[in-house]
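Participant: Take a look at this one; I'll ask things after.
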Amino acid sequence: MRQLPDVGWDPISVNHQLPLLSKLFVLYLIIVATLTLVRSAVLIRDLRSLGTVGRGEPQPNQGAEFTSLWADCWAKLQAMKRSVVLTFLLTVLVAADQARTDFVSVAVQKATGIASLSGGIAELFGIFALGILACVAIYAIYALCESVLIRRTTSRRGPLARMKTKVP
């Protein structure tokens, strides 16, 4: 008896690319990650300079300088927090669009295999996980910088209060 060769799955013959919306979303995530790194570096520099305000002799405008720098840092932190929310909403939007596309293809094809549906859902969760990972990373940077800002604020209240009592 003659044996037939096993017919296997050839991964090279599968030529599947991400949808355009998913590609644009990955590009968005790269841009947001780069901007977050640059903004956090600037914010860390501002937080370090916030810690140096008030050292040495008290100056009459020292409180205003501290308040101005603190407000600037707080605004940068709030912008970072808004970017987390925007990234999360875009993640859900891209995942929902990809799920809609997958389910429409199932509805159009009369005989869709479980492998085709599973592959589409796996791709969907891959994009969703990437978006959530970006949200978590940005929020972690936000939380770290916010805790540093709060520590700097509470540590500066003492010298600012002393300065206000010394200035006539």
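The values are calculated or read from the model by the stated rules, or taken from the named source; none is laboratory data. Because the structure is predicted, anything quoted here is derived from the model rather than measured. Note: ideal-geometry Cβ built from the backbone for every residue, glycine included; neighbour counts use all protein chains shown.
Participant: Inside the range 1-49, can you point out the residues that are modelled with pLDDT under 70, among the small types (Gly, Ala, Ser) and assigned to a helix (DSSP H, G or I)?
Facilitator: Restricting attention to the range 1-49, the residues satisfying the condition of being modelled with pLDDT under 70 are 1-2, 4-16.
The next check asks that each one be among the small types (Gly, Ala, Ser); those that pass are 8, 13.
If the condition is that a residue be modelled with pLDDT under 70, among the small types (Gly, Ala, Ser) and assigned to a helix (DSSP H, G or I), then 13 is the only one that fits.
Participant: Continuing with the same structure: In the range 71-89, what residues are free of Cβ contacts under 8 Å to residues at least 12 places away in the same chain and of a type outside the set (A, V, I, L, M)? So that I can check it myself, show each step before the final result.
Facilitator: Quick first cut of the range 71-89, residues free of Cβ contacts under 8 Å to residues at least 12 places away in the same chain only: 71, 75, 78, 82, 85-86, 89.
Answer for the range 71-89, where residues must be free of Cβ contacts under 8 Å to residues at least 12 places away in the same chain and of a type outside the set (A, V, I, L, M): 78, 82.
Participant: May I pose another question? Considering each residue of the range 62-92, count those that are crowded, with 16+ Cβ neighbours inside 10 Å and hydrophobic (A, V, I, L, M, F, W, C), and give that number. Walk me through how you get there before you give the answer.
Facilitator: Residues of the range 62-92 crowded, with 16+ Cβ neighbours inside 10 Å: 62-63, 66, 69-70, 73, 76-77, 80, 83-84, 87-88, 90-91.
Retained after the next criterion (residues that are hydrophobic (A, V, I, L, M, F, W, C)): 66, 69-70, 73, 77, 80, 84, 88, 90.
Residues in the range 62-92 being crowded, with 16+ Cβ neighbours inside 10 Å and hydrophobic (A, V, I, L, M, F, W, C): 9 in total.
Participant: Being of a type in the set (A, V, I, L, M), modelled with pLDDT under 90 and touching an Asp or Glu at 6+ places or on another chain (Cβ under 7 Å) is the filter here, so list the residues in the range 68-90 that pass it.
Facilitator: To start, the set of residues in the range 68-90 that are of a type in the set (A, V, I, L, M) comprises 69, 71, 75, 77, 79-80, 84-86, 89-90.
Checking which are modelled with pLDDT under 90 leaves us with 69, 71.
Answer for the range 68-90, where residues must be of a type in the set (A, V, I, L, M), modelled with pLDDT under 90 and touching an Asp or Glu at 6+ places or on another chain (Cβ under 7 Å): just 69.
Participant: Can you name the number of the only condition in (1) small (Gly, Ala, Ser); (2) part of a helix (DSSP H, G or I); (3) modelled with pLDDT under 85 that residue 111 fails?
Facilitator: Only one criterion in (1) small (Gly, Ala, Ser); (2) part of a helix (DSSP H, G or I); (3) modelled with pLDDT under 85 is unmet by residue 111, namely (2).
Participant: Give the number of residues within the range 93-107 that are free of Cβ contacts under 8 Å to residues at least 24 places away in the same chain and either over 19 Å from residue 20 (Cβ atoms) or surrounded by 13 or more Cβ atoms within 10 Å (Cβ to Cβ) (or both). Walk me through how you get there before you give the answer.
Facilitator: Just the residues of the range 93-107 that are free of Cβ contacts under 8 Å to residues at least 24 places away in the same chain, to begin with: 93, 96, 100, 102-107.
Applying the additional criterion that residues be either over 19 Å from residue 20 (Cβ atoms) or surrounded by 13 or more Cβ atoms within 10 Å (Cβ to Cβ) (or both) yields 93, 102-103, 105-107.
Qualifying residue count, the range 93-107: 6.
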